[in-house]
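Data first, discussion second: the structure below is written as structure tokens.
The values are calculated or read from the model by the stated rules, or taken from the named source; none is laboratory data. Computed from a predicted model, the values in this text were never measured in an experiment. Ideal geometry is used to build each Cβ from the backbone, glycine not excepted, and the neighbour counts take in all protein chains shown.
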Amino acid sequence: MKKLNPSLFFLFLIAILLVPLSPQNANTKHNQTSKTIQITYSVNVELQRLSGLFNPVTDSVSVRGTFNDWQNTWMHPTPNNPDVFAATVAVDAALGDTISFKFFITPINWEYDYDYPQLNRFILISQEYYDSGFVEYSTVFNMWYRPLGNDCTVLFICNTNGAKIKGMPEGTAFKTLHLFGNNTPLKWPESGWPNSDSTLGVQMYDDGTHGDKIAGDNIFSNQITFQKYSSAIIQYKYSANWGLPDNGGSNNNEESEMNRILYIIKGVSNEALEDTFGITRSKYLTNVDSYEIPLPASYNLEQNYPNPFNPETKISWQLAAGSFVTLKVYDVLGNEVATLVNEEQPAGSYQVNFNTQLTTNNKQLSSGIYFYQLRAGNFVQTKKMVLLR
């Protein structure tokens, strides 16, 4: 049997996969005839329930996207698993359209990727989806979520010596210090950081208690326990002299407007974390086990993000069962330019960064269209990405 020329194969892919360069915020219409596509979304919220971010009695799950103008399409628990919520929507779409969406838990919890905060999920209406008129999309809520495998106690230490309170004169004394964040027991104040929200933070101490070593040395401390299943990525920030009469500045008063990010990686509890007021940077603790995320119900290759990109982009995929996986990047002529994955992988969710410096022949890639293809057992899926220099 005559083998198919790889170059002809990828030229054919171009013809059927020609899609817009930046499909992030809207469905893009083409000259092809649109038709009704039934899309069934299902999402597992087990981790959010276990971590206390989802209460099945009082909270709801929805999917929001370009197909419903980013409004709520309510999802309902499935009969076989109350942690899996599903909804089927009818979408008017043409071949090559890209549907952007995210899952949402009321009242306040969007999915969130700390590496790419604006990242949305995507469904590309491929030839297969267009012909069948059906799409099934199954995943876990916030697939970027990294949960703790056990309770973790962190000793937060913040040195205020020589530091300045934003909006206050040099030398203003630190009388109180509070810690705020995104992970219970830490919470964020409302916009504007009003005085009434001081109770949402955790008080720090400089009196020889709560883990503080020396009283009166202007180094504040407190031991905080984060519960099993809560996020292992913690955003946090300090606030000085919250609401005191002599605090003329904002309660959001560190020098930098950026939040700190704490990454808890693996191991045991009782870690110490040392900060300096007004200096924000990412920190890593290596002593907490991570929780095993529920396995995906199907195979799926995500649209890369950002797209277009330069010089780096993220590619994510899910495996419903263990398989030998290859993930390769090709140019428009079918020439392989990079092998990103070539190994056996167990079922689960994965992601990899593709950097234009990491090519097979170490040659600089030019601007243009490239294809990335995932092979996992009998599953094969190819998607397009665009490099703009």
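Would you check which residues across region 196-210 are crowded, with 19+ Cβ neighbours inside 10 Å and either among the small types (G, A, S) or closer than 20 Å to N161 by Cα (or both) and list them?
G201, M204, D206
Being part of a strand (DSSP E or B) and assigned by TED's automatic domain parsing to the domain that holds I39: is that true of P56 here? Before the answer, list the steps.
Numbers: part of a strand (DSSP E or B): no; assigned by TED's automatic domain parsing to the domain that holds I39: yes.
The answer is no for P56.
Sort out which residues of region 45-64 are under 22 Å from the mean Cα position of the chain (by Cα) and over 15 Å from F141 (Cα atoms), and write them in order of number. Break it down into steps so the answer makes sense when it comes.
Here is the first cut: in region 45-64, the residues under 22 Å from the mean Cα position of the chain (by Cα) are 45-55, 59-64.
Hits for region 45-64: nothing passes.
Against the definition (in a loop (DSSP other than H, G, I, E, B), at pLDDT below 80 and farther than 30 Å from N335 by Cα), how does N25 come out, yes or no? Please lay out each step first, then the result.
On the way: in a loop (DSSP other than H, G, I, E, B): yes; at pLDDT below 80: yes; farther than 30 Å from N335 by Cα: yes.
Yes: the conditions hold for N25.
Filter region 338-356 for residues that are of a type in the set (G, A, S), in contact (Cβ under 8 Å) with a residue 40 or more places away in the chain and in contact with a Leu (Cβ under 7 Å, 6 or more places away or on another chain) and give the result. Let's see the steps before the verdict.
If we filter region 338-356 for residues that are of a type in the set (G, A, S), which is where we start, we get 338, 347-349.
Add one more test, that the residue is in contact (Cβ under 8 Å) with a residue 40 or more places away in the chain, and what stays is 347-349.
Across region 338-356, the qualifying residues are A347, G348.
Here are the criteria: (1) touching a Gly at 6+ places or on another chain (Cβ under 6 Å); (2) surrounded by fewer than 14 Cβ atoms within 10 Å (Cβ to Cβ); (3) within 21 Å of R281 (Cβ to Cβ). Tell me which single one S256 does not satisfy.
(1)
Return yes when N161 is under 30 Å from I315 (Cα atoms) and either in the same structural domain as V380 (by TED's automatic domain parsing) or not in a strand (DSSP E or B) (or both) and no when it is not. So that I can check it myself, show each step before the final result.
On the way: under 30 Å from I315 (Cα atoms): no; either in the same structural domain as V380 (by TED's automatic domain parsing) or not in a strand (DSSP E or B) (or both): yes.
Spelling it out, it is not the case that N161 is under 30 Å from I315 (Cα atoms) and either in the same structural domain as V380 (by TED's automatic domain parsing) or not in a strand (DSSP E or B) (or both).
How do the pairs read when you match residues in region 183-199 that are free of Cβ contacts under 8 Å to residues at least 60 places away in the same chain with residues anywhere that are assigned to a loop (DSSP other than H, G, I, E, B) and among the aromatic types (F, W, Y), using Cβ under 8 Å and keeping only pairs 6 or more apart or on different chains?
N195/W242; S198/W242
Could you identify the single residue in L124, L148 that is closer than 17 Å to A90 by Cα, aliphatic (A, V, I, L, M) and either touching a residue at least 24 places away in the same chain (Cβ under 8 Å) or not assigned by TED's automatic domain parsing to the domain that holds M385 (or both)? Give the steps one after another, and end with the answer.
Numbers: L148 fails: closer than 17 Å to A90 by Cα.
When all the criteria are applied, what remains is L124.
I want to confirm something. Restricting to region 211-226 and keeping residues that are part of a loop (DSSP other than H, G, I, E, B) and buried (at least 16 other Cβ atoms within 10 Å of the Cβ), which single residue is nearest to the chain's Cα centre (by Cα)?
First, pick out the residues of region 211-226 that are part of a loop (DSSP other than H, G, I, E, B): 211-218.
When the remaining residues are screened for being buried (at least 16 other Cβ atoms within 10 Å of the Cβ), the result is 211-212, 218.
Numbers: G211: 33, D212: 34, N218: 36 Å.
It comes out as G211.
Can you tell me which residues in region 89-143 are assigned to a loop (DSSP other than H, G, I, E, B), modelled with pLDDT of 85 or more and of a type in the set (G, A, S)? Reasoning before the result, please.
Step one: filter region 89-143 for residues assigned to a loop (DSSP other than H, G, I, E, B), giving 94-97, 106-108, 111-120, 125-126, 133, 141-143.
Now restrict to residues that are modelled with pLDDT of 85 or more: 94-95, 97, 106, 125, 133, 141.
Across region 89-143, the qualifying residues are A94, G133.
Filter region 215-239 down to the residues that are of a type in the set (A, V, I, L, M) and modelled with pLDDT of 95 or more and list them by number. Give the derivation first.
Restricting attention to region 215-239, the residues satisfying the condition of being of a type in the set (A, V, I, L, M) are 215, 219, 224, 232-234.
Of everything in region 215-239, those that are of a type in the set (A, V, I, L, M) and modelled with pLDDT of 95 or more turn out to be A215, I219.
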